[in-house]
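The values are calculated or read from the model by the stated rules, or taken from the named source; none is laboratory data. Keep in mind it's a predicted model, so treat the numbers as computed, not measured. Cβ sites come from the backbone with ideal geometry, for glycine too, and all protein chains shown count toward neighbours. Surface accessibility is based on the protein's heavy atoms, side chains included, excluding ligands, DNA and RNA. Shrake-Rupley method; radii C 1.70, N 1.55, O 1.52, S 1.80 Å.
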Amino acid sequence: MTHDALTHMNDNPHGAVLYRSTKRRYPVARSAEGLRITDASGKRYLDMSGGAAVSVVGHGHPAVVDAVRKQVGELAFAHTSFFTNEPQEQLAAALVSRFGDAGAQAYFLSGGSEANETALKLAWQYWLASGKPGKKIVISREHSYHGNTFGALSVSGNDARRQASAAPLLDWPRIPPCYPYREMRDGEGDADYSARAAGYLEQAIIEAGVDNVAAFICEPVVGSSLGVVAASAQYLEHVRAICDRHDVLLIADEVMCGSGRTGTYFAHETDGIRPDIVTLAKGIGGGYQPLAATIISGKLADVLHESGFAHGHTYIGHPTACAAGLAVQEVMNREKLLERCRKMGARMLSLLHDRFDPHPNVGDIRGRGLFAGIELVQDRETKSGFANRPALATELQFNALDRGLICYPGSISMNGLTVPHIMLAPPLIVEDRHLLEGIDKLASTIDDTL
């Protein structure tokens, strides 16, 4: 049945699906393999963003497909208020081993917003059980994104998403991001900048009241909201020390930057710290099933083991989803994809610099592993954005799609001007030919759009 036939099976002139954009018609994805997605017309697209940093082992990997099929045939679902299941137990053990804290525990959900909502509840219930019920405030950062549910969006610093939701969100403190390209002062080195940027957290904790602050949440590498901005050297070490000093939990949101995307399984490994809570989604299931995880340290697990944890969703610990996640883990280990991520990530950044360093509208190229961002500017000298082009990110996205390229543009607003960025996060199986093709298509997209 064609897309038009499917769309007009009812009398609704707009069709039965409420799409992400109510103003657009989307091509119908029909099949996918490796780094290619094919639509119903036969057009092929190069997936250079893994969707939204989801497809870490590529599309249609036979080992993951077989694992999902096998699990559905044996046990597709069993509610976790009655049973546990082997895939959940095995995946939890694998993640705890990677986390490096033998007392840690993992809680499996369906998406990043759920994982971050769970992290907030864990923090609040931990402090309640510890005899500090007043610790409720969660501090976050400007230009961060932690999800679209009420609590997760409340701690997000993505103004466009917050405003568009029309929700009466909680208004808690947010501090400036660690954003060297725009926030580092002339003559200021990494060490001094990292200390100054982390100092905003200490100031916010003191202003809110130490007895009122439950946690600080941040992405070790900010993803789509800021265009792949990694914390500068020692920033997270300062943050960890500040949290310890003031009895505040540290939540690392690795929904986008975790699961091997940056060349280590957890992004925070590169920064030499261990958070109290870490959240994963997207790449953990590789797109084969909706899957996320919230991992807590042994310190929290010990307390909550005694007090209990009041929380739950129907699909937590879903056997089929966890089987997919376990298969992704096995593929990453067997094919040495973390090592490949580091190698091909260095190659991708080198190619991006070669192609775009001379470009008059490319202000910054940055990244870690196979996770890269390009920030576009009207003027490189002043780093100014674009006037009267609020939809520039959308233009870039669909102009790239016309060329058969999937990338992930976004933007922020600074001084009333649009500052767009493009996120690249190809599957970790990417080859040199994919990088060359993708960068060629990206270059023509940028030139024609601007």
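Shown is the FRET efficiency for Glu237 and Arg98, computed with R0 = 22 Å from the Cβ-Cβ distance and rounded to the nearest 0.05: 0.60.
Farthest toward the positive end of the dipole of the chain, out of Asn12, Gln329, Gln88, is the Cα of Asn12, where the dipole comes from beta carbon charges about the Cα centre. The three principal axes of the C-alpha atoms in segment 363-450 carry coordinate ranges of 40, 28, 18 Å, sorted with the longest axis first.
Let me spell out the model: positive unit charges on the Cβ of Lys and Arg, negative unit charges on the Cβ of Asp and Glu, origin at the Cα centre of the chain. What dipole size does that give, in debye rounded to 20?
Values: 43 positive and 51 negative charges, 137 e Å.
About 660 debye.
Scattering from segment 49-161 was approximated by placing one identical point on each alpha carbon and applying the Debye formula without solvent; log10 I(q)/I(0) at 0.16 1/Å stands at -1.09.
Just how many pairs of Lys in the chain have C-alpha atoms closer than 27 Å, counting pairs that are eight or more places apart or on different chains? Close lysine pairs found across the chain: 21.
Stretched out straight at 0.36 nm per residue, the stretch from Arg380 to Asp244 would grow longer than its current Cα-Cα span by 45.0 nm.
Only Cα pairs under 8 Å and 6+ residues apart enter the sum, and on that basis the relative contact order of segment 228-366 stands at 21 percent.
Say R0 is 25 Å: what FRET efficiency, to the nearest 0.05, do Ala76 and Glu330 get from their beta-carbon distance?
On the way: r = 20 Å, r/R0 = 0.80.
The calculated FRET efficiency here is 0.80.
Modelled label positions at Asp159 and Asp192, each set 7 Å beyond Cα in the direction of Cβ, lie 2.9 nm from each other. Dipole size of segment 1-112 about its Cα centre, with +1 on Lys/Arg Cβ and -1 on Asp/Glu Cβ: approximately 560 debye, rounded to the nearest 20.
Ranked from largest, the principal axis spans of the Cα set of the chain equal 62, 59, 48 Å. Sort out for me the Cα centre separation of segment 258-283 from segment 325-353, rounded to whole Å. Taking the Cα centre of each part, segment 258-283 and segment 325-353 sit 14 Å apart.
Spin-label model, His353/Ala16: points 7 Å from Cα along the beta carbon direction are separated by 5.2 nm. When all protein chains stay in place and ligands, DNA and RNA are ignored, the 1.4 Å accessible-area order of Leu326, Leu153, largest first, is Leu326, Leu153.
What length, rounded to one decimal in nm, is gained on full extension from Leu450 through to Asn415, with 0.36 nm per residue of separation minus their alpha-carbon distance?
Numbers: separation 35, 0.36 × 35 = 12.60 nm, distance 1.97 nm.
Length difference between fully extended and current span is 10.6 nm.
Taking the Cα centre of segment 217-268 as reference, the dipole from Cβ charges on Lys and Arg (+1) and Asp and Glu (-1) amounts to some 100 debye. Model label sites at Asp171 and Glu395, defined 7 Å from Cα along the beta-carbon direction, differ in position by 3.4 nm.
Note on the chain: with neighbouring protein chains present and a 1.4 Å probe, carbon and sulfur make up 51 percent of its accessible heavy-atom surface. Using the Cα centre of the chain as origin and beta-carbon charges of +1 (Lys, Arg) and -1 (Asp, Glu), tell me which of Ala310, Ser444, Phe99 is placed farthest towards the positive end of the dipole. The listed residue farthest towards the positive side: Ser444.
What's the long-distance tail for segment 200-303, i.e. % of Cα pairs beyond 21 Å? Walk me through the intermediate numbers first.
Values: 1955 of 5356 pairs.
Summing the P(r) tail past 21 Å for segment 200-303 gives 37 percent.
Each residue was assigned an accessible area with a 1.4 Å probe, and for Glu117 the value is about 40 Å². Given their separation in residues at 0.36 nm each and the Cα-Cα distance between them, Arg25 and His311 gain 99.1 nm when the chain is fully extended.
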